[in-house]
Every structure is written in C-alpha cells, then in structure tokens.
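Only one structure is covered here, and it is reproduced in the block below.
The values are calculated or read from the model by the stated rules, or taken from the named source; none is laboratory data. As the structure is a computational prediction, the values presented were derived from the model and not from experiment. With ideal geometry, Cβ positions are generated from the backbone for all residues, glycine too; neighbour counts draw on all protein chains shown.
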Amino acid sequence: MSDLRGDLGVLMPPSRHARPRITTQALLAALWRGKWVLVGVTALGLALAVLYLHVATPTYSATVIIAPREPQTRMNSLFGAALPGLVAQSNNGPIERWVALLGSVRLAQELEKKYGLMKEVFAQEWDPATQTFQPPSSLRFRLKEWVKSILGLRPWAPPTVEDLAEYIGSSVRIAKTDRDLLGQSEVLRISLSGTDPKFIARVLREIFTTADGIIREDKAAEYRRNIDYLKHESQLTPQNDLRLSLTQLLAEEIKNEMLVGEGEAYIASIIEWPYASERPTSPNGKLVLLFGLVLGLMLGFGAALLYGTSSRTREMQGYRALDGRIAEHGQPGSY
C-alpha cells in the first residue's frame, strides 16, 4: 500500500516539526481569510458614527466681529506729578477692560437686572409655576448628586449671579484674526456657543452691549471727575502758563466726555453684529464619519488578523492530527 503521506502531501505542511514564520504573504493570507470580518467591523464603525450624528445634540455658534479702538493718549501724562488729583489714563484700551469684565459679578448683576438672564441660562432648573429654581428630576441629575454625596462635594443649590458670571466667563470665546482691509487695526471675533442659535445670538448681543455700557459709564464718570478737578485747579492757579495748560487739558476732557456717548459701541468699531450660524459647529459630520471609518478599519484589521490567524492555527492542528494518524497506521507492513 502506498504511503498515505505521499498521497496527502498537498494537504499537509512540509514538516510537522517546522515552525511557522510571520511573513507578508502570511499576513495577507490571514487578512484574506478574515476579509468579511474586516468588512463587517468597518461597517459597524460607520454605522455607530451615523447613529451618533443622529442622537447627538447639535451645537451652534454666534459671533460678533469688531475692530478695537486704539487707547487714547492725553496730555495729563505731562502733568501727572503736578496734578495728583487727575485720574490717570490707563495704558489698557477699552477692549482690555471689556475682556476683564467677562466673568465678573458686576456684569452678571447688570445682565440679570436688565434681562433676567438667569432663568434662561439655567432653564432646566427654572420652574415657571413657582417662579423659583428647583432641582431637576432626571435620572442623570440624581446619579450626579449621589456621586457628589459619596465624594463629599457640595450638593445642588439654586444658581446665583456668581454662577451666571462663571457661565459667561467660561462660554464667551475671543479669537484674534488678521488686520482689517486697511491694515489699521486688529480684528476680533467674539463668539458664544449653545444649542439654540437665536438664544445665543441674543445673549451675546446683550453681553456685549451691557459690558460696553458699563465701560462707557465708567469713562464718562472719569471724565466728569477730571473736568471738576481741572476747573477747580485752574481757578486756584496764579501762573498764566500753567492756567493755559489746564484750560487746554480741560477742553480735551470735555471733548472726551462728549465723545463717550457717540457711536454704536464705545470699545470698538462694529464690523458685524452678533449672528448665529445656520449650520451646527458640532458635531462635525465629516470628522465623525472619518473617525468612525478609521476606527472601524483599525479594529477590523485587528479582528481580521486574529480570525485569519486562529483559522490557520486550527487548520494546522488538523493537519498535525492527520499526520499523526498517518504516521501511526501508514508504516510498511501495518496493513
């Protein structure tokens, strides 16, 4: 009888004692054996990305574009030592003071006084029936409070103007862009994000105008104090040269006080008032789909290699078992 190993040699590896080697051809063969696993996992990654785009809450952005005004220079720098009662001109421009107001309790108090902004910002906690803030009844909120109690954190409390100030300070974003077409000043984009485009556009306008009004009022009060002080000093000064300088400075302060109330905004020239994007800024559909595709391919390649390798291992084990049976029964004279 012929040797069965010779008849079945095409089905068996060259030697049952040979060690498998990892080669490019072996990897490609493993991928080919697991090709449907690769396709399935990649399709699953894309499906999960599409599902996320359908269930995720879209976020919009409202933006105001401004060109900050340059800080004004005044003559009082020449007379600072001689006129200690004159309010010194800050080196910072109005836009720096506007930025400093963001996140301040003063701005939050003014916004709450003028617009009642807290019940809109914290709408999930506002109860229109009782006109008070109440803790939400959602499961997520209860779980959050349970975790807080375990960690010893402060439990829920009705929001305050400090919370409103924190919301404004953390939500408003300022980005510096290129200079305007004339190259005269930098252009700033001030933005606010949220789920309701009309709401964030209105709130951004209220934040911008209210903070601008506070700075305008402060500057007007500063000019009035300087005017009163200069009038008083000019009446007491016997020297004609100094009195003439005081009169010039007084005229400048009067002019500045008049200019404070002019224009749509004091801190900057408005290029574009707040507008809300019609398209959501997040989630980004293309990026989410690309991420799902890449993640699916990566996991798919790994799963396909694992499946192809394990399949090949099972085949090799079958070959070795068959080789063992042939070695046991296929020796000459055994039949």
Residues satisfying the stated conditions in the range 116-134, i.e. among the hydrophobic types (A, V, I, L, M, F, W, C) and under 16 Å from F199 (Cβ atoms) | L117, M118, V121, F122, A123, W126
From (1) modelled with pLDDT under 90; (2) out of contact with any Phe, Trp or Tyr (no Cβ under 8 Å at 6 or more places or on another chain), pick out the condition that doesn't hold for L86.
-> (2)
May I ask you to list the residues in the range 41-58 that are more than 28 Å from L306 (Cα to Cα) and without any contact (Cβ under 8 Å) to a residue 12 or more places away in the chain?
-> H54, V55
Looking at (1) under 30 Å from S269 (Cβ atoms); (2) buried (at least 20 other Cβ atoms within 10 Å of the Cβ), which is the only condition T59 fails?
-> (2)
Complete set of residues in the range 144-156 that are closer than 19 Å to W126 by Cβ and within 26 Å of the chain's Cα centre (by Cα) = K144, E145, W156
Options T160, T132, T63: the member that is within 21 Å of S191 (Cα to Cα) and at pLDDT 90 or above | T63
